[in-house]
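Read the structure below first, then the notes.
The values are calculated or read from the model by the stated rules, or taken from the named source; none is laboratory data. This is a predicted model, so every value here is computed, not measured. Counting neighbours? That spans all protein chains shown, and the Cβs are built from the backbone with ideal geometry, glycine included.
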Amino acid sequence: MATTARQRSQGRTMFILLSLIGIIAGYLFYSQTISGQPIEIPPLAIREQDDLSKFKDVNLDFSAFDNLFYKSLRVFGEAPVNPGITGRPNMFAPY
């Protein structure tokens with residue numbers, strides 16, 4: 001099926017029309033999102049009372065560290081871990 005000159009002309013016209021609509025819509029969107037006026041952010045209100053005072057009397061229970069099971073844990077290997085030689089120096093080089 002061969003396209004006629006009229007179909008090619010209509011296709012080209014539609015392409016130009018859609019391109020112009022896209023450019024205009026993009027410009028309008030961009031010009032609305034980026035404005036020259038800075039956005040004013042009001043400062044937070046300063047609280048009169050201290051919110052951290054409720055943590056003053058917190059008692060932590062460290063009795064879990066006195067458990068025999070916890071004391072029997074051991075470190076196997078090196079700490080910190082020594083990675084040694086890993087991988088190839090150039091991963092793109094042939095074998």
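Considering PHE15, PHE69, PHE29, the condition of being surrounded by fewer than 10 Cβ atoms within 10 Å (Cβ to Cβ) and at pLDDT 80 or above is satisfied by PHE69 alone. With respect to being modelled with pLDDT under 80 and over 34 Å from the mean Cα position of the chain (by Cα), TYR95 fits the description. In the condition set (1) touching a helix residue (DSSP H, G or I) at 6+ places or on another chain (Cβ under 7 Å); (2) modelled with pLDDT under 80, ILE85 is compliant with all but (1).
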